[in-house]
Amino acid sequence: YGKVSIVDWQHCLLCPERIMKTPGGREKQIIEMVKQENAAFRNLHVLVVADGDPAVQVGYIMFHVHKSKRSRLENGHSNPPHVQVKQLFVRSSHRRQGLGGLLLDGMKKVAPGPETEDLRLSVLDLNEMAFTWYRSRGFVLTGVVWEYLGPQDNAHLVAYQVMQRLTRNSSGSVKSDKAILFRSEIIGEIVSIKYPDGSGPFYVTIRGWQESEKMHMVDSRNLSSWDGAPFTDLIDFNEAFTSGRASFHRELSLVMRDVEMTKLLAKEAKEKLLSADLKRRKQESPQKGKKRRKDRAASN
């Protein structure tokens with residue numbers, strides 16, 4: 001994300017632009033977060049890990065506890081009590097020492113309710129190290145989301161991979177293996193795939209989508225071979241992607257950017273057709289009125 005500025009990231013990860021531009025706005029927001037004076041921050045917690053003497057902060061986790069007493073539908077999906085991990089950071093000098101797992105486990109002591117049985121978070125698509133680490137901690141991929149950063153006329157799409165972990169005591173379920181993240185919009189993309197039998201990776205081009213089977217058609221010509229020859233296949237790319245056996249040749253943010261641009265162009269084309277049709281109808285209406293008046297005059 002070379003074209004995304006530090007200020008853009010601050011607005012995205014820290015607080016709205018109006019707060020950043022207000023003198024002392026960020027400091028005031030942090031005080032409100034710590035003192036939980038604002039209702040929006042009352043279920044937001046920050047857990048810190050320190051090391052050395054005197055103690056130096058070497059990592060932290062910020063998480064929001066959603067204490068919904070009953071499941072409610074949001075966009076057609078239930079939203080039971082859960083914890084949303086906002087940020088997790090450990091200094092590079094203290095990584096691979098178990099501090100990340102310590103912070104995750106420490107959340108249960110800070111918020112010992114049933115909410116910690118369902119953990120959710122989003123990982124920046126370029127952060128492969130964090131994504132792999134979360135997988136090792138039992139998280140699974142459940143979706144892809146994105147947002148635009150920067151000025152409206154020159155915004156950049158940033159993609160995140162949504163992950164979730166349920167404990168044995170949770171009453172919920174994760175449907176990652178059935179998630180349909182991609183359909184025909186990725187036709188033409190080059191992807192890498194490993195098969196369940198361990199063969200691969202093979203580089204193939206997405207050539208089609210079968211809605212009835214929820215499968216993608218792929219072609220390996222000019223990319224890779226099987227037993228010395230190119231091949232075609234029908235694969236469950238969505239299952240392979242969510243399980244970590246498949247990936248895009250391009251960054252996910254670029255794939256999603258082109259998907260959104262295609263949708264936008266299609267929408268604009270449809271609006272132009274509707275506008276042209278409406279204009280034609282308006283032009284025809286007076287002519288039809290004149291013809292009806294002429295017909296009535298002739299009949300009289």
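Annotations for the structure displayed:
- Net length available on complete extension from Lys214 to Lys67 is 49.4 nm, with 0.36 nm assigned per residue and the Cα-Cα distance removed.
- Of Lys35/Lys109; Lys86/Lys263; Lys214/Lys267; Lys194/Lys267, pairs whose Cα-Cα distance is over 27 Å: Lys86/Lys263; Lys194/Lys267
- Computed with a 1.4 Å probe on the full set of protein chains, the accessible area for Tyr203 sits at about 100 Å².
- Whole-percent carbon and sulfur share, accessible surface of the range 79-125, 1.4 Å: 51
- In plain terms, the chain from Ser224 to Val145 could stretch by 25.4 nm, reckoned as 0.36 nm per residue minus the Cα-Cα distance.
- Each Lys or Arg adds one and each Asp or Glu subtracts one; over the other residues with Cβ under 13 Å from the Cβ of Ile187, this totals -3.
- Extension gain, Lys270 back to Asn79 (0.36 nm per residue minus Cα-Cα distance, nm): 65.3 nm
- Residues in the range 165-283 average 65 Å² of solvent-accessible surface per residue, probe 1.4 Å, ligands and nucleic acids excluded.
- Sparsely packed trypsin sites (Lys or Arg not before Pro) within the range 236-276, loop by DSSP, other Cβ within 10 Å at most 14: Arg250
- Carbon/sulfur fraction of accessible area - the range 201-256, other protein chains in place, 1.4 Å, %: 49
The values are calculated or read from the model by the stated rules, or taken from the named source; none is laboratory data. Fair warning: this is a prediction, and the values are worked out from it, not measured in the lab. Ideal geometry is used to build each Cβ from the backbone, glycine not excepted, and the neighbour counts take in all protein chains shown. Each accessible area value is taken on the protein alone, full model and side chains, heavy atoms only, with ligands, DNA and RNA left out. Shrake-Rupley method; radii C 1.70, N 1.55, O 1.52, S 1.80 Å.
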